[in-house]
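We did not get these values from a lab; they are worked out from the coordinates using the rules stated. Bear in mind the structure is a predicted one, so any value in this text is a computation, not a measurement. Here the Cβ is made from the backbone with ideal geometry for all residues, glycine too, and neighbour counts use every protein chain on show.
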Amino acid sequence: METDTLIEELNLLWKPIRPFLARQIEELYGRRDGHILEIGPFSGLIFALAQKNVGQSFSIAAFPQAAVPLYRQEARKHGLEDRVRIIESDGSLIGIADDSVDLAIFRGALFFPTLFRVDFGAIYRTLSTEGIAFVGGGFGKHTPPEVISQIGKRSEQLNAAMGRVRLTVESVQDQLRSSHLEGKCEITTEGGLWVVMKK
């Protein structure tokens, strides 16, 4: 299967997870205003947040290029094409202005080095003062085991097909150190492996 097809199937598969993961992000963010940006090929949480009226404006920095039409189509399906702006971007977040994002979300960020590299410096650059980023992967702390069990096996197969790597907290700390951002970040293993970055 081609990577584009794998990404599309994985995003469809993960739809039942979105409301639960969105709840964790909503608790972390603690606001209902601001600009929310979702990053990369495994986006879609932004639709759940927009429907819950968490955030005032919304963008997806979509990459690879094949992901762009998928998100435009999904925005239309949810009736959110006027509220969620889809921007063709890349790992350096080209097209996203400095200091413009109050909440950045990058799911699947750390685990697919053959698809893209996570540029923590670029994410930090886009955050506004007091902005927060939620970067990493996992089912989230609120997702019920029975929901995970419904998709777990197929999700694992698709992840493996896309070259997913296993990471330790220490290896993520090393990435943050090399980005000179370890003082701005906390790592949490609640519901996955996530970096919480604050400006």
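The alpha carbon centroids of segment 64-88 and segment 91-160 are separated by 17 Å.
Arrange 100, 59 by Cβ neighbour counts within 10 Å, fewest through most, would you?
100, 59
Compared with the direct C-alpha span, the chain from residue 88 to residue 66 gains 7.0 nm at full extension, assuming 0.36 nm per residue.
With both labels modelled 7 Å from their Cα along Cα-to-Cβ, the residue 170 to residue 5 distance reads 4.0 nm. Using the Karplus relation 6.51 cos²θ - 1.76 cosθ + 1.60 with θ = phi - 60°, the per-residue 3J(HN,Hα) values for segment 45-53 come to 4, 4, 5, 5, 5, 4, 5, 8, 6 Hz, with x marking Gly and Pro. Summary: within the chain, the longest segment free of GluC sites (Glu not before Pro) located in DSSP loops with at most 13 other C-beta atoms within 10 Å is 3-189. Rounded to the nearest 0.05, the FRET efficiency derived from the C-beta distance between residue 178 and residue 13 at R0 = 41 Å is 0.80.
In which sequence would 149, 155 go, from the one with the fewest C-beta neighbours within 10 Å to the one with the most? Write out the running numbers ahead of the final one.
Working: 149 9, 155 18.
The order, fewest Cβ neighbours first, is 149, 155.
Positive-end ranking of 148, 87, 64 along the dipole of the chain, with charges on Cβ about the Cα centre, is headed by 148.
Would you work out the charge dipole size for segment 3-198 about its Cα centre, treating the Cβ of every Lys and Arg as +1 and the Cβ of every Asp and Glu as -1, and quote it to the nearest 20 debye? Could the numbers behind the result be given before it?
Working: 22 positive and 24 negative charges, 84 e Å.
Once rounded to the nearest 20, the dipole reads 400 debye.
In order along segment 132-140, the phi-based Karplus estimate (6.51 cos²θ - 1.76 cosθ + 1.60, θ = phi - 60°) of 3J(HN,Hα) comes to 9, 10, 10, 10, x, x, x, 7, x Hz; Gly and Pro are listed as x. For residue 77, a cut-off of 19 angstrom between C-alpha atoms picks up these lysines, skipping any fewer than 8 places away in its own chain: 15, 52. Considering every Cα-Cα pair within the chain, what fraction, in whole percent, is farther apart than 26 Å? The calculated P(r) of the chain puts 25 percent of pairs beyond 26 Å.
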